[in-house]
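Asker: My questions will all concern the structure given below.
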Amino acid sequence: MGPLIRKFFFRILYLSFSLFLGGCQLPYYLKSAAGQFSLLSSRVPVEKALQDPSLRAEEKQKLSLAQEARQFAEQELGLESSKNYTSYVALDRPYVTYVVSASPKWELKAYEWSYAFVGKMPYKGFFTEADAQAEEQGLVKEGFDTFLRGVSAYSTLGWFKDPILSSMLRYADHDLVNTIIHETTHVTLYIKNSADFNERFATWVGNKGTEMFYLKKEGPESPTVEKLKQELHDEKIFSEFISQEIKDLKSWYNSLPDNQKSEDLRRARMKDIQTRFKEKISPQLKSQLYARFPEITLNNARLSLYSTYNKDLHLFDEAFEIAHRDFRKFLDLIKSLESHQDPEAGLQEIIQRQKKTASTKSAA
């Protein structure tokens, strides 16, 4: 075992042992450590991967694009500079990890797993689909709604130099750029016990950053920029829709007497959400971003995931305006919430103070 590999190995073991001390199961973390170690030991520099004759021209183009996105995120947006995404790993599977989410059947609240350094998280990842399915089955037996999905990319939050994965090269170009910016946002700021805020922040930065990237790269008249505008339009509409539906569903759960609860009633309520979307929201959409929403199997676990990533994204629009559309000032504003017990509430307070100040100036 060489010194560099040994360094990675012991760092992973340290992380795993620390997480175990935080109250999690040691077997899970040892498996995770082995999976992470295998991933890191398979990395090759992007420059070397670009010389690999087994990679198709399209894959090499995406590797180069990822480098452009990484540099843009650091130099133009002011995100954390790192060696992330300067190496490449060819996987032997379609996804790098499989992630399980869960929620109680009669409460729209994410089931949370506790981790030592990042705090509580509304999902749990596994390097094998079989392990994820076993976790999901256990939660189903306990009476939870569940949702299992394959994941093509994730961030180690600065613990390791994250590689570009072959699973990421299946993305459309603009989705790959979005992913690089999204994950770099997590390295820049990740507030413990605030997973929802962190993911919404990274979602917003990924969306906005990708638009800015292509405006600079291709200009405002490019087809890619037009496509991004359409998707951002739909993202905003969907965020507003799902935020209100989540609020209404929580109220419905709270108001429903126990003797009226039935699985048929709950499923009908889920279908109502999808029907409203199809009738009221679908006609407003300009892209295929949420075209499948009326057909998916909807439950509390999936809705909680939408809550984690899509709820109240307008708050970051307003924060960006407060920062005078200066991305670095915007980042500083969000970073000021790092020690806040509830960063989302803190952001709302800042926005309300700004509105009050603006109103006072307008009346003067």
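The values are calculated or read from the model by the stated rules, or taken from the named source; none is laboratory data. Bear in mind that the values here come from a model prediction, so they are computed numbers and not experimental data. Counting neighbours? That spans all protein chains shown, and the Cβs are built from the backbone with ideal geometry, glycine included.
Asker: Return the residues of region 306-364 that are within 23 Å of Thr210 (Cα to Cα) and among the small types (Gly, Ala, Ser); say none if nothing qualifies.
Answerer: Ser307, Ala319, Ala323
Asker: Still on this structure, please answer the following. If Phe293 meets every condition in (1) buried (at least 18 other Cβ atoms within 10 Å of the Cβ); (2) within 20 Å of Tyr253 (Cβ to Cβ) apart from one, which number is that one?
Answerer: If we test Phe293 against (1) buried (at least 18 other Cβ atoms within 10 Å of the Cβ); (2) within 20 Å of Tyr253 (Cβ to Cβ), just (2) comes out false.
Asker: Return the residues of region 309-331 that are of a type in the set (A, V, I, L, M, F, W, C), surrounded by fewer than 18 Cβ atoms within 10 Å (Cβ to Cβ) and not in a helix (DSSP H, G or I); say none if nothing qualifies.
Answerer: Ala323
Asker: Now for a different question. Does Leu148 meet the test of being modelled with pLDDT of 95 or more and assigned to a helix (DSSP H, G or I)?
Answerer: Numbers: modelled with pLDDT of 95 or more: yes; assigned to a helix (DSSP H, G or I): no.
No; evaluated as a whole, the condition is false for this residue.
Asker: I've got another one for you. Mind checking which residues of region 70-87 are assigned to a loop (DSSP other than H, G, I, E, B) and not β-branched (Val, Ile, Thr)? Before you say what the answer is, go through the steps one by one.
Answerer: First, pick out the residues of region 70-87 that are assigned to a loop (DSSP other than H, G, I, E, B): 76-86.
Of everything in region 70-87, those that are assigned to a loop (DSSP other than H, G, I, E, B) and not β-branched (Val, Ile, Thr) turn out to be Glu76, Leu77, Gly78, Leu79, Glu80, Ser81, Ser82, Lys83, Asn84, Tyr85.
Asker: Mind listing whichever residues of region 196-221 are within 13 Å of Tyr309 (Cα to Cα) and either buried (at least 21 other Cβ atoms within 10 Å of the Cβ) or at pLDDT 95 or above (or both)? Outline the logic, then answer.
Answerer: Restricting attention to region 196-221, the residues satisfying the condition of being within 13 Å of Tyr309 (Cα to Cα) are 196-207.
Hits for region 196-221 are Phe197, Asn198, Glu199, Arg200, Phe201, Ala202, Thr203, Trp204, Val205, Gly206, Asn207.
Asker: Just give me the residues in region 45-69 being under 21 Å from Gly158 (Cβ atoms) and not in a helix (DSSP H, G or I), in sequence order. Steps first, answer last, please.
Answerer: Keep residues of region 45-69 that are under 21 Å from Gly158 (Cβ atoms), which gives 45-46, 66-67, 69.
Scanning region 45-69 gives a single hit, Pro45.
Asker: Can you name the residue in region 258-274 that is charged (D, E, K, R) and part of a helix (DSSP H, G or I) and, of all such residues, is farthest from Thr297 (Cα to Cα)?
Answerer: We begin by selecting, within region 258-274, every residue charged (D, E, K, R); these are 258, 261, 263-264, 266-267, 269, 271-272.
Pick out the ones that are also part of a helix (DSSP H, G or I) and you get 258, 263-264, 266-267, 269, 271-272.
Details: Asp258: 24, Glu263: 14, Asp264: 14, Arg266: 13, Arg267: 10, Arg269: 12, Lys271: 9, Asp272: 13 Å.
Ranking the qualifying residues of region 258-274, first place goes to Asp258.
Asker: Hey, another quick one. Output the number of the condition that Thr184 fails; it satisfies all remaining conditions of (1) more than 27 Å from Tyr111 (Cα to Cα); (2) in contact with a helix residue (DSSP H, G or I) (Cβ under 8 Å, 6 or more places away or on another chain); (3) among the polar types (S, T, N, Q).
Answerer: All conditions pass for Thr184, except number (1).
Asker: Test Glu74 against the stated conditions and say whether it is of a type in the set (Asp, Glu) and either in contact with a Ser or Thr (Cβ under 6 Å, 6 or more places away or on another chain) or within 26 Å of Ser42 (Cβ to Cβ) (or both). If you could, list the steps in order and put the result at the bottom.
Answerer: Details: of a type in the set (Asp, Glu): yes; either in contact with a Ser or Thr (Cβ under 6 Å, 6 or more places away or on another chain) or within 26 Å of Ser42 (Cβ to Cβ) (or both): yes.
So Glu74 passes the test.
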